[in-house]
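This report concerns only the one structure given below.
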Amino acid sequence: MSAPAWRWRREDEDLLQRLEDETVLGRLFRHHVGAPPGGERAEPHPRAAGLVASARALPGGSEAVDAALRGDVAKLARFIEAGPMRDRPPVFLHHVAVYYGKVAAVLEGAAPDAAANAWMRSLAAWLALDEERTYLASIEEAVLGASRSGAKRASPEGRGERAPLEVLADLGKRAEVTSRDLAPAGRAALLALAWVSEAGRIAGVGEDATRRAEQAAERRRNAALDAALAVVGEALDEANVRGELGSNGRAILTRALDVWKWSGHDEAVEQFVVDRLATIGWELYRARAWDALRYAFDPFRPLIEHFAARIEGDPASKIAFAGPCAQMFVFLTDIEPIFARKLELAERAIRICPTHRNGRLNLASLLCDQAIAAMGATALFVRREELERIEALLARAESLYPASTELPEAKAMLERCRRRRIAL
């Protein structure tokens, strides 16, 4: 009697595809995270292979999955990342949101910038799901039951909107709990909170949805930065009470530079540093401690430059910070030994804040010094264009700060030049 013929069943086909999906998921995950720090424990659960299965059902998805089976995982990664996400089915979006959350959690300790990108993409998927409204509500009903005794049922809209806000709240907590030690995981969270507008763009959601998410993210981000800077502020206040701000202020405030780098060069940190550095600067300026002033300012030059470029790039919305930033350049002018560089710094202060009193006084004084030096260097004869250049320097100095103490001497010297020398 012959053995029964073996037949390929539908169940076998399903099993093979499921195993292939799990294989592809593993390759995709390693494409994004490399060798996971936690080994096999960090690998996504096999159920997460639903991402691959749902990708197969989309136009172009089967080709991307097949390419991954052949070793070209990058094609599938690009397929999953493609926007606008709101055009994708909710089941696929749900898988994408959870998958990128897993990638971010694995990467946040070792590669915070890559983790931030993954958090941002996870948030983009949640935002797109929020636009769909009904999917998450149906999941909640399936898990908790259609009728929950004693529980107030939220509308589908309210349930959906909670998801992006909960992601932002989680990122805020991750940033705040690391605000003391400035751990990489906190940097990943802060960067992700700063990239919400990009998440909205990838999601393809409306301006209102993006703005709500941005506002929530800003609150969370500010809370974490306030916690990180509170230590610095308290230490500076204590040093000021003890009369040690001039001697110890620099060492204390350099901690804020670590916060600045940790936060991805956040503007709020720049505002904090400029405000506190001005207090230290005035303390040393009044003491005429020029070497100490130079020593105090040196490590903060990159931050000051970054803050200035930010203001120059958007002067209308940054007008409130133009004055404090200009004062930084006044201090830098005072401690710069090279005259040409002093002049550049003084001009920068005026460009940042044209009405800044100290900046105008400083530049007027330097213009007078430049004119006096030019007149002192002239021989018996002075060319007419040189005389006109000197007159223009003094005219500008007077327009900047008419009460400049150097102006009377410079004007008197100019009159002597006019009377005693021949202008060619």
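Worth a mention:
- Candidates 373, 175, 129 compared by Cα position along the dipole of the chain: farthest toward the positive end lies 373, with charges placed on Cβ.
- Residues 193, 363, ranked from the fewest to the most other C-beta atoms within 10 Å, line up as 363, 193.
- Angle in degrees between helix 301-313 and the longest Cα principal axis of the chain, rounded to the nearest 10: 80
- Beyond 22 Å, the tail of the calculated P(r) for the range 152-284 holds 46 percent of the Cα pairs.
- Charge dipole of the chain about the Cα centre (unit charges at C-beta), most positive-ward option of 243, 397, 94: 397
- Taking one quarter of the surface of the C-alpha convex hull of the range 358-424 gives a mean projected area of 3.8 nm².
- Ranking of 66, 334, 130 by count of other Cβ atoms within 10 Å, fewest first: 66, 334, 130
- Reported value for the range 87-138: 61 Å³ per residue, from the convex hull of its C-alpha atoms.
- Alpha-carbon Debye profile of the chain, log10 I(q)/I(0) at 0.07, 0.10, 0.14 Å⁻¹: -0.55, -0.84, -1.20
- Among 62, 247, a tally of other beta-carbon atoms within 10 Å of each Cβ gives an order, fewest to most, of 62, 247.
- Only Lys, Arg, Asp and Glu carry charge here, each on its Cβ (+1 for the first two, -1 for the last two); on that basis the chain has a dipole of about 760 debye about its Cα centre.
No value in this document is a laboratory result; all are computed from the given coordinates. Bear in mind the structure is a predicted one, so any value in this text is a computation, not a measurement. Every residue, glycine as well, gets a Cβ built from its backbone with ideal geometry; the counts of neighbours run over all protein chains shown.
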